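Structure, as structure tokens:
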Amino acid sequence: MQNKRKKFLMICAIALCLPLVACQQKTTSSLKEEQARAVASKHPQQGPSKTNEGEASSVVDQYIQSLREAKSTEYSSGFYRKYIAGSISKPADQSRNEIVYREGKIQFDTLTLREIYATGKNDEEDPEKVKENELRIGKPFVVPSEYVVYSPGRGTVYLGEYSQDLFQKGPWKWKWKKATDYKEPEIGRSDVYLKLYEAYKDKFSMTEDNGYLYLKYKGDAKKNIPLFNELIQTMIESKLYSNENNDIQSIKLEIELVAKKEKSETKVEVTPSEARIVIYTKIKDSKKDQSITNEDHFEFGYRDFNKVQEIKPPHQLDMNAIQE
């Protein structure tokens, strides 16, 4: 049974490393189809093209509207934090890694959903481990606590965990209970994310390639600290961007949005495909002898946007074994 547990953890770890694979595969497939058609018709495939100034802002508006008015979607939602702290003379004394990951399907009107949900963090003070975390590129390695979640409709949520009775040392099995404080999964469409896109919409650059629009922003963002404080609370509890922290030296922001460009009979429509937000923060206070470098990464992927029909219960769910 322990082997099953290890396999389950490995699956979640792989999922954490690839939160947007499904979206990327869909994009790759589209590219291959376009290339094949170009060869077949003896017309050379054109590369990415830049759009006219001002178009990016309009596309961001449509991207925001599409998310706000969404009826359903499949999704992947990933967040991770890399936090390194120390003194000014020794800036890497301790580290903290945190992750949140979820993947599933949802119908927003009824809040019918099924998802895998995982979260975890670790703190390190061992010099070798801290250095390793400081040098690691990409997502940190964190063994998460993982759950399967199912809601047949608003107000009813079942939470399943694959676990073992530690006192009786019984077999590993699924344990289900009703969740009383479970919130709608954060997949990058709550108001604070839309406000972030709105705040920088006039500063995005945009290119178009094979029916997809790629919007990017990179720059200083220190003036929007209150917005980042609201943003981070959607994933973890943190005071890094709170009003209590007056020692922030710099905040660098990166936003990447990917949208599929689709033509209907009357207009061109923008369908959200991916979103990525990265916040790089540096804190240094000589009076407190404090030095902090922090990275917050948000990644979202959308599939079958507004096309999700029936959402069936997970096969692990046993309605007769639910604990009240």
About the Cα centre of the range 199-296, how large is the charge dipole given +1 on each Lys and Arg Cβ and -1 on each Asp and Glu Cβ? Please answer in debye to the nearest 20. 300 debye
Cβ-based charge dipole, the range 181-324, positive-most Cα from 298, 200, 235: 200
Please arrange 204, 108 by counting, for each residue, the other beta carbons lying within 10 Å of its beta carbon, fewest first. 108, 204
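Can you bin the range 169-324 into rounded, prolate or oblate? Criterion: square roots of the alpha carbon gyration tensor eigenvalues sorted a ≥ b ≥ c, rounded for a/c under 1.5, prolate for a/b above b/c, oblate for the rest.
Working: a/c = 2.73, a/b = 1.14, b/c = 2.40.
Cα axes put the range 169-324 in the oblate bin.
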Treat each spin label as a single point 7 Å out from the Cα along the C-beta direction, and report the residue 304 to residue 280 distance in nm. 3.8 nm
Using alpha-carbon positions, the gyration tensor of the range 237-324 gives root eigenvalues a ≥ b ≥ c; with a/c under 1.5 called rounded, otherwise prolate if a/b exceeds b/c, else oblate, the class is oblate
Please list the three semi-axes, largest first and in whole Å, of the ellipsoid equivalent to the range 65-179, using sqrt of 5 times the eigenvalues of its alpha carbon gyration tensor. 34, 23, 10
Footprinting exposure proxy for 305, 300 (fewest neighbouring C-beta atoms within 10 Å first): 305, 300
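We did not get these values from a lab; they are worked out from the coordinates using the rules stated. Please read all numbers here as calculations on a predicted model, not as lab measurements. So basically every Cβ, Gly included, is an ideal-geometry build from the backbone, and we count neighbours across all protein chains shown.
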